[in-house]
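This report concerns only the one structure given below.
The values are calculated or read from the model by the stated rules, or taken from the named source; none is laboratory data. Just so we're clear, the structure is a prediction, and the values are computed from it rather than from any experiment. A quick note on method: Cβ atoms are made from the backbone with ideal geometry, for glycine too, and the neighbour counts reach across all protein chains shown.
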Amino acid sequence: MKAGSTDATTIMQEMREIDAYNSAFVDSLLSNVGWLVDLSQTADSAIFLVIQHARPHIQRKYLPMIRERAEKGLLEKEYLALLEDRVLMMSHQKQLYGSQLFTRTKEDGSRVLYVWPVEDPENIDTRRAEMGMTTMEEYLENFENAVYDKELTIEEAQ
């Protein structure tokens with residue numbers, strides 16, 4: 001592949017390889033040493049992002065550790081919300097904070113983002129606020145063509 005190529009398949013393969021390497025490194029670090037207390041916010045964020053983009057078994061493995069760190073104020077509560085939603089979505093359950101979206105391709109070939117189904121959608125902004133997140137309306141402004149259907153079921157999303 002030439003430098004600067006944007007072949008989507010090649011880019012996705014490179015991303016998977018980098019994610020796998022980073023995931024193995026972070027898993028080894030956390031399993032052998034634990035999550036160090038005196039890390040910078042950048043380092044904490046990097047560890048979280050590796051876990052957030054790891055395979056589901058790694059996400060589930062470290063969710064309790066991230067929950068504990070967030071409850072102690074050592075990690076952003078929003079990180080906990082993002083990972084909890086990701087784990088719920090990957091387990092085909094309703095999410096709590098509405099942070100996870102999925103893509104559908106319409107008949108005309110255009111793509112639309114949908115919010116994965118949410119538990120108790122009437123109280124989502126209250127839960128989001130407790131985690132230091134913006135309202136759902138503000139969150140959706142970050143995406144083009146994002147749809148939040150409060151009635152969407154898991155079966156329809158799959």
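So for segment 25-39 (the condition being β-branched (Val, Ile, Thr) and farther than 30 Å from Ala129 by Cβ), does at least one residue qualify? Yes, segment 25-39 has at least one match. If you check Val112, Val50, Val87 for being surrounded by 14 or more Cβ atoms within 10 Å (Cβ to Cβ), on the phi < 0 side of the Ramachandran plot and outside any helix (DSSP H, G or I), only one passes: Val112. Taking the criterion of being surrounded by 11 or more Cβ atoms within 10 Å (Cβ to Cβ), not basic (Lys, Arg) and not in a loop (DSSP other than H, G, I, E, B), the residues of segment 127-151 that qualify are Ala129, Glu130, Met136, Glu138, Tyr139, Leu140, Ala146, Val147.
Restricting the first member to segment 66-85 and to residues that are not assigned by TED's automatic domain parsing to the domain that holds Leu101 and of a type in the set (Val, Ile, Thr), and the second to residues that are buried (at least 21 other Cβ atoms within 10 Å of the Cβ) and modelled with pLDDT of 95 or more, the beta-carbon pairs closer than 6 Å and six or more apart or on different chains are Ile66/Leu80; Ile66/Leu83.
A quick yes/no check of all residues on (1) among the basic types (Lys, Arg); (2) over 30 Å from Asp125 (Cβ atoms):
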site: Thr9; (1), (2): no, yes
site: Arg16; (1), (2): yes, yes
site: Ser28; (1), (2): no, yes
site: Ile51; (1), (2): no, no
site: Arg104; (1), (2): yes, no
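Checking Glu138, Glu130, Glu119 one by one, the residue that is within 16 Å of Ser91 (Cα to Cα) and modelled with pLDDT of 95 or more is Glu119 and no other. Taking each residue of segment 42-56 that is assigned by TED's automatic domain parsing to the domain that holds Arg67 and looking for partners that are of a type in the set (Phe, Trp, Tyr) and assigned to a helix (DSSP H, G or I) with beta-carbon atoms closer than 7 Å, six or more apart or interchain, yields Phe48/Tyr79; Ile51/Tyr62. Does any residue in segment 12-32 that is under 25 Å from Glu68 (Cα atoms) come within less than 9 Å, Cβ to Cβ, of a residue that is assigned to a helix (DSSP H, G or I) and hydroxyl-bearing (Ser, Thr, Tyr) six or more places away or on a different chain, and which pairs are these? Filtered contacts from segment 12-32: Val26/Tyr62; Asp27/Tyr62; Leu30/Tyr62.
Applying the condition of being part of a loop (DSSP other than H, G, I, E, B) and of a type outside the set (Phe, Trp, Tyr) to segment 115-126 and asking which residue is nearest to the chain's Cα centre (by Cα) yields Pro117.
Residue-wise test of (1) under 19 Å from the mean Cα position of the chain (by Cα); (2) part of a loop (DSSP other than H, G, I, E, B); (3) surrounded by fewer than 19 Cβ atoms within 10 Å (Cβ to Cβ).
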residue	(1), (2), (3)
Leu29	no, no, yes
Thr42	yes, no, yes
Gly73	no, yes, yes
Leu83	yes, no, no
